[in-house]
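In what follows, a single structure is set out as structure tokens and then discussed.
Read-outs throughout are calculated quantities, based only on the coordinates presented, and are distinct from any laboratory measurement. Please read these numbers as outputs of a predicted model, since none were measured by experiment. FYI the Cβ positions are ideal-geometry reconstructions off the backbone, even for glycines, and counts take in every protein chain you see.
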């Protein structure tokens with residue numbers, strides 16, 4: 001069906017999601033895995049105490065490499081989002097180690113601009129058994145516009161309110177911090193290891 005030649009279209013309120021595989025991740029991940037598991041052994045409740053830590057302050061070269069990659073990803077995201085200036089921001093990161101049965105409740109990241117996760121170790125998940133609605137090890141993102149899919153039709157990009165991704169080791173995801181997301185349970189006996197981070201805009205002092 002032809003579209004009227006004088007019709008004008010504009011997509012409103014886009015939610016930009018970024019994913020990339022970091023070059024050199026295979027070598028870095030083996031080093032990071034050992035480093036993060038050791039940190040988890042030494043600190044109680046490391047994964048849930050995200051406000052009390054910033055793994056990017058660790059001077060280890062592998063951590064420094066990852067911090068540089070995260071900063072570059074944020075800058076690339078800004079370009080794709082249409083910013084014509086370099087945003088002034090800092091990145092703060094924390095460790096997530098999900099052992100068998102662990103998951104993360106539905107949440108977003110207040111007081112930040114962008115949030116992301118780098119996946120260090122993604123163990124192969126066992127068969128889900130008789131349940132067809134399980135998505136072990138995956139992460140789900142939810143449309144921030146509540147109930148918008150109620151009026152969508154099949155084939156419309158707004159039809160499915162949930163976007164689900166099963167990350168691979170070496171992948172980095174980046175999204176707006178307001179976006180609610182949920183990490184499905186790890187059903188493997190091996191730990192699911194990742195590093196999450198926030199890009200926080202620096203506050204300008206008025207003179």
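Starting with the fewest neighbours, write out 150, 18 ranked by other beta-carbon atoms found within 10 Å of each beta-carbon.
On the way: 150 8, 18 16.
Lowest count first: 150, 18.
222 nm [θ] for the chain, helices only, -39500 (n - 2.57) per DSSP H run of 4+, per residue, to 500?
Estimated from H runs of four or more residues: -6500 deg cm²/dmol.
Using the alpha-carbon centroid of each, what span in Å lies between the range 16-80 and the range 92-111?
Using only Cα atoms to place each centre, the spacing works out to 13 Å.
Kindly give Rg over Rh for the range 11-100, based on alpha-carbon atoms, with the Kirkwood expression for the hydrodynamic radius.
On the way: Rg = 15.6 Å, Rh = 15.2 Å.
Across the range 11-100, the Cα-based Rg/Rh ratio is 1.03.
Quick one, which of (1) 50, 35, 32; (2) 69, 36, 26; (3) 64, 62, 30 is the actual Cα extents along the principal axes in Å calculated for this model?
Matching entry in (1) 50, 35, 32; (2) 69, 36, 26; (3) 64, 62, 30: (3).
Please determine, in degrees from 0 to 90 and to the nearest 10, the orientation of helix 25-42 with respect to the longest principal axis defined by the Cα atoms of the chain, where the helix direction is its Cα long axis.
Between the helix axis and the principal axis of the chain, the angle is about 60 degrees.
Quick one: 120, 91, fewest Cβ neighbours within 10 Å first, how do they rank? Kindly include the intermediate steps, with their values, before the conclusion.
Working: 120 27, 91 20.
In order of increasing Cβ crowding within 10 Å: 91, 120.
What is the angle, in °, between the Cα long axis of helix 61-80 and the longest principal axis of the Cα atoms in the chain? Nearest 10 is fine, range 0 to 90.
So the inclination is approximately 10 degrees.
Sorted from fewest to most neighbouring beta carbons within 10 Å, what does the list 56, 142, 9 look like? Don't jump to the answer; show the numbers that get you there.
On the way: 56 19, 142 16, 9 5.
Listed from fewest to most nearby Cβ atoms, that is 9, 142, 56.
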